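Q: Structure below; questions to follow.
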Amino acid sequence: MSIAPRAGHDHVAPTFAAASARTPLLLTGLLSLLLLAVSLALGPDGFGLPDATAAARLILVEIRLPRAILAFLVGGALGLSGAVLQGYLRNPLAEPGLLGVSGGASLGAVIAIHTGAAGLFALALPLGGLAGAGIATLAVVLLAGERSQPVTLILAGVAISSLAAALTALALNLAPNPFASVEILYWMMGSLTDRSLEHVWIAAPLIALGAALLHSTGADLDALTLGEDAAANLGVDHERLRHRIVAGVALAVGAATAVTGAIGFVGLVVPHLLRPLAGYEPRRLLLPSFFGGAALVLAADIGVRLVSPAGDIKLGVVTALIGAPFFLWLVIAMRREGTA
Amino acid sequence: MSAAPVIRLAAEAVTVRIGTRDIVRDVSLEVKAGEIVAVIGANGAGKSTLLKVLAGLAPPALGRVLIEGDDAAALERRILARRLAYLPQERTLSWPMRVVSVVALGRLPYHDQPAAFTEQDYRAVHAALTAMDLTHLADRKSNRLSGGELARVLLARTLAQEAPVLIADEPTAGLDMAHVLKFFEHLAARAAQGAAIVVAVHDLSLALRFCQRALLLSDTRVLACGPSHDVITQDNIAQAFGVTALVTRLDDLPVVLPARTLT
């Protein structure tokens, strides 16, 4: 919805109309829905929906649907979390992994593989990941303490991330057999292969709840643009804001990492790319970042399936391959901006 | 004859502490509707810290702050935000948002999102842009502004808040002389409409001209508080700033001219 120009305030009305334009939201929303449809239609023999046989329906519902939905939700969770954290920390280099949540989730899943629990029942992996994400979040919150500044929160997140990474390396080091090592390595690369509807049922409610919490921070993030004191003067409760962000990121990113493994760069690149379109306003960046993240992960997954139908190339590898050149381009763009 | 003007902001025996160090001790102050009060003092005298406490952003160690009769510490944040606008000293803007969007942030205490803006919100934003001479810059990205222009944009945000109490920490630092005058004239107009205003300023001539009262901080305490011309005197300036100054009038305007430092 855009704001109609009002008579009598010639200068303000048209500029507001421009500010409230929903172009980025429409753009990313349509793109992600389109890619969702492509993902559903893409089979091992190219595009096309399977015929009406029972087996074909089963393929669609049991194999392609969970994959497409998870790509959408995981990408959305990462994009939105990145946008919220960048707004909260007022730093364009913040990313969803900062709070230690994804590191914790990875460690939990790796432990599930290491102990063999993953071999006993399929859902041990995502459940282990969720437990890891929960424990890591708790540790970060306790470490940062009450009334902590954003910087303290990030330091605590970095500390817990490093610890989780060290323990993950230890688990890999002590892997009981080469197969477990390979399985751990592959899982850490992030993938959507062979995910079932159960994975969707585990992740979807948590991601939805986390996304709702994160989306509710929009007005506060806008106010924070003016600095913490001015934001407080505009009615921002810094404590409440921090709680919502930590809980939101823990739920959304924790659940996402638990079902797909760590998928890098999405939460960093997507908000960055969309920010100019959103007029650099943190609130207007949130929903587009959700859909933009969804679109990026769907596109990367479609690319993976086209290039290597056997699933040899992992999704996380592809997003990293997209992400790194993006940063090269960013550096060049910034240098140009600086000399202009 | 109407009743006595309402007291909009009151500090009752306020002591501000950071850690165990007293920053300011025992400040009592009442700011009535229609008044502009200058908070003056040397660098590090505690002006900014005191203003933050007066704005309800930090609780005082002792005493209390009343905003329109209610204890600031107990007021709901949104309610407080509608009663009091505060301009911090540091001019930060994290993202290069457009000028009009920055000013519109001043309406956040009234609406959670711009989509809910009413006629009154547009009027407030427009009035703030006009007052700070920014209408021609409304669409400009804020990283394309000069330092003084940015200062005016951030000021306009507090004006758009349309709160009956305004607390501004060195609002005119970095502004050219025309905009300094314009700003204080706008403050005077606001006060005439019933606002209560507290500003930290270093320009004592302006304080004498536009502020009815002044609070002079020195060495963690209130050195003087009262009508500006009783506070801003040669003796007090010497004591608080260590400077001999000429306090006089030129063309019927008050002038304070620092002469030399005392050693």
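The values are calculated or read from the model by the stated rules, or taken from the named source; none is laboratory data. Note that the structure is a prediction, hence the values are computed from the model and not measured. Neighbour counts run over all protein chains shown; Cβ positions are idealised from the backbone, glycine included.
Q: Just the residues that are out of contact with any helix residue (DSSP H, G or I) (no Cβ under 6 Å at 6 or more places or on another chain), without any contact (Cβ under 8 Å) to a residue 12 or more places away in the chain and surrounded by 13 or more Cβ atoms within 10 Å (Cβ to Cβ), please, taken from the range A:310-323.
A: The answer is A:L321, and nothing else.
Q: Which residue out of A:V307, A:V297 is surrounded by fewer than 24 Cβ atoms within 10 Å (Cβ to Cβ), more than 22 Å from A:L153 (Cα to Cα) and among the β-branched types (V, I, T)?
A: Exactly one residue qualifies, and that residue is A:V307.
Q: A further question on this structure: Could you tell me which of the residues B:G34, B:G63 is within 29 Å of B:H229 (Cα to Cα) and either part of a loop (DSSP other than H, G, I, E, B) or within 11 Å of chain A (Cβ to nearest Cβ) (or both)?
A: None of the other options fit; the residue is B:G34.
Q: While we're on this one: Could you count how many residues in the range B:180-202 are part of a loop (DSSP other than H, G, I, E, B) and in contact with a helix residue (DSSP H, G or I) (Cβ under 9 Å, 6 or more places away or on another chain)?
A: So the answer is 2.
Q: Same structure again: Can you give me the number of residues within the range A:51-68 that are touching a residue at least 40 places away in the same chain (Cβ under 8 Å) and over 9 Å from A:L197 (Cα atoms)?
A: 1
Q: When B:G226 is evaluated against the numbered criteria (1) crowded, with 22+ Cβ neighbours inside 10 Å; (2) away from chain A (no Cβ under 14 Å), which criterion, by number, is the only one it fails?
A: (1)
Q: Quick check: anything in the range A:184-192 away from chain B (no Cβ under 14 Å), more than 16 Å from the chain's Cα centre (by Cα), free of Cβ contacts under 8 Å to residues at least 12 places away in the same chain and under 19 Å from A:A262 (Cα atoms)?
A: no
Q: Please go through the range A:221-261 and pick out each residue that is more than 14 Å from chain B (Cβ to nearest Cβ) and of a type in the set (A, V, I, L, M).
A: A:I245, A:V246, A:A247, A:V249, A:A250, A:L251, A:A252, A:V253, A:A255, A:A256, A:A258, A:V259
Q: Output the number of the condition that B:A191 fails; it satisfies all remaining conditions of (1) more than 24 Å from B:V53 (Cβ to Cβ); (2) under 15 Å from the mean Cα position of the chain (by Cα).
A: (1)
Q: Which number in (1) buried (at least 20 other Cβ atoms within 10 Å of the Cβ); (2) under 30 Å from B:A10 (Cβ atoms); (3) within 8 Å of chain A (Cβ to nearest Cβ) marks the one condition that B:R77 misses?
A: (1)
Q: Now for a different question. May I ask you to verify whether A:V304 is within 14 Å of the chain's Cα centre (by Cα), in a helix (DSSP H, G or I) and either of a type in the set (D, E) or within 23 Å of A:L34 (Cβ to Cβ) (or both)?
A: In short, no.
Q: Among residues belonging to the range B:145-164 that are more than 11 Å from every other protein chain (Cβ to nearest Cβ) and outside any helix (DSSP H, G or I), point out the one that is surrounded by the most Cβ atoms within 10 Å (Cβ to Cβ).
A: B:E162
Q: Given the conditions (1) closer than 18 Å to B:L159 by Cα; (2) at pLDDT 95 or above; (3) among the small types (G, A, S), report the number of the one that B:S101 does not fulfil.
A: For B:S101, the failing item is (2).
Q: Now for a different question. Enumerate the helices (runs of 4 or more DSSP H) found wholly within the range A:138-250, keeping only those where 2 or more residues are of a type in the set (S, T, N, Q).
A: Because the criterion is at least 2 residues that are of a type in the set (S, T, N, Q), the helices (runs of 4 or more DSSP H) in the range A:138-250 that meet it are A:150-173.
Q: Right, here's the next one. Kindly indicate which of A:L251, A:L221, A:L226, A:L268 is at pLDDT 95 or above, under 25 Å from A:L26 (Cα atoms) and surrounded by 21 or more Cβ atoms within 10 Å (Cβ to Cβ).
A: Result: A:L221 is the single residue among A:L251, A:L221, A:L226, A:L268 that is at pLDDT 95 or above, under 25 Å from A:L26 (Cα atoms) and surrounded by 21 or more Cβ atoms within 10 Å (Cβ to Cβ).
Q: Now for a different question. Test B:L217 against the criterion of being within 30 Å of B:D70 (Cβ to Cβ), outside any helix (DSSP H, G or I) and over 15 Å from the mean Cα position of the chain (by Cα), and give yes or no.
A: So B:L217 passes the test.
Q: Next up: Tally the residues that are over 29 Å from B:A58 (Cα atoms), in a loop (DSSP other than H, G, I, E, B) and either within 7 Å of chain A (Cβ to nearest Cβ) or in contact with a strand residue (DSSP E or B) (Cβ under 7 Å, 6 or more places away or on another chain) (or both), restricting the search to the range B:86-139.
A: Adding up the residues that qualify gives 3.
Q: Still on this structure, I have one more. Return yes when A:L167 is surrounded by 17 or more Cβ atoms within 10 Å (Cβ to Cβ) and over 21 Å from the mean Cα position of the chain (by Cα) and no when it is not.
A: yes
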